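As structure tokens, the structure follows; a few thoughts come after it.
The values are calculated or read from the model by the stated rules, or taken from the named source; none is laboratory data. From a predicted model like this one, the values you see are computed outputs, not experimental measurements. Because the Cβ atoms are built from the backbone with ideal geometry, glycine has one as well, and the counts that use them run over all protein chains shown. For accessibility, only protein heavy atoms count, side chains too; no ligands or nucleic acids. Shrake-Rupley method; radii C 1.70, N 1.55, O 1.52, S 1.80 Å.
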Amino acid sequence: EAGVAQSPRYKIIEKRQSVAFWCNPISGHATLYWYQQILGQGPKLLIQFQNNGVVDDSQLPKDRFSAERLKGVDSTLKIQPAKLEDSAVYLCASSLQGHTDTQYFGPGTRLTVL
Amino acid sequence: RKEVEQDPGPFNVPEGATVAFNCTYSNSASQSFFWYRQDCRKEPKLLMSVYSSGNEDGRFTAQLNRASQYISLLIRDSKLSDSATYLCVVSSSGTYKYIFGTGTRLKVLA
């Protein structure tokens, strides 16, 4: 079974530039999560989708971050404009239905903001 | 106080040793508990869920103490391949979202 796919794997940008990340969850998984993992910390949930609806985006900095999951499958996370403190690994995860199911993580996108 | 707290380590132990990690959580209404393993520059992977009665998977044993609000992970007969960061995860009641600890780093030495 194919896992969660993410691209790109690495991205280097300058502050104030824009960047977008893509995630393809495991086939059939209704719930999709985006996490931010800063070096030395655990992953922090940014946004959770159930199919194509947002369940929780309470920790998403909405002035600069946006995410969408059109058609309830793939998802994109965008940062515009980026700040130095956005340097982190952005992890996408999916689960079959919701909170009672195991979350499977993709390999992540490592973002460096200069 | 952080919602989920772990000793960041590193714990340096010789091969064959037994090592234990604790993780404390602040929300007494938390419902679900997990240990994830994360290798350097890799994604987190589920190691095991933690059940009220405690559970064991080979060399790994997980325990939950609701009264004191902590979970533990015991690794027996440590292998070099056990070297990784172990993330404690607590699922909060209400939203059920995962709250991760900062992780405990384990190094098993030859």
Q: Using a 1.4 angstrom probe on heavy atoms only, work out the carbon and sulfur share of the accessible area of chain A in %.
A: 51 percent
Q: Would you work out the charge dipole size for chain A about its Cα centre, treating the Cβ of every Lys and Arg as +1 and the Cβ of every Asp and Glu as -1, and quote it to the nearest 20 debye?
A: 380 debye
Q: Counting only heavy atoms of the protein chains, get the accessible area per residue of chain A (1.4 Å probe) and round it to a whole Å² value.
A: 50 Å²
**Q.** Per-bin percent of Cα-Cα distances, region A:42-114 [10 Å]
**A.** 17, 53, 26, 4
**Q.** Ordering of A:32-38, B:23-29 by packing [mean C-beta count within 10 Å, highest first]
**A.** A:32-38, B:23-29
Q: Check the cysteines of chain B one by one and keep only those with no other cysteine Cβ under 4.7 Å from their own.
A: B:Cys40
Q. Scaled to the compact-protein estimate 2.2 N^0.38 Å, what is the alpha-carbon radius of gyration of region A:4-77, rounded to two decimal places?
A. 1.11
Q. In whole Å and largest first, what semi-axes does the C-alpha gyration tensor of the protein assembly as shown yield when each eigenvalue is scaled by 5 and square-rooted?
A. 30, 20, 16
Q) One-quarter of the Cα convex hull surface for chain B, in nm²? A) 6.7 nm²
Q | Along principal axes, Cα extents of region B:57-110, largest first, whole Å | A | 44, 20, 18
**Q.** For region A:81-91, 3J(HN,Hα) per residue [Karplus equation, 6.51 cos²θ - 1.76 cosθ + 1.60, θ = phi - 60°, Hz, x = Gly/Pro]
**A.** x, 7, 10, 4, 6, 7, 4, 4, 9, 9, 9
Q: Beta carbons within 10 angstrom, averaged per residue: use that to sort the peptides B:72-85, B:7-20, highest first.
A: B:72-85, B:7-20
Q. Counting partner chain Cβ atoms within 10 Å of every residue's Cβ in A:35-41, what's the average?
A. 3
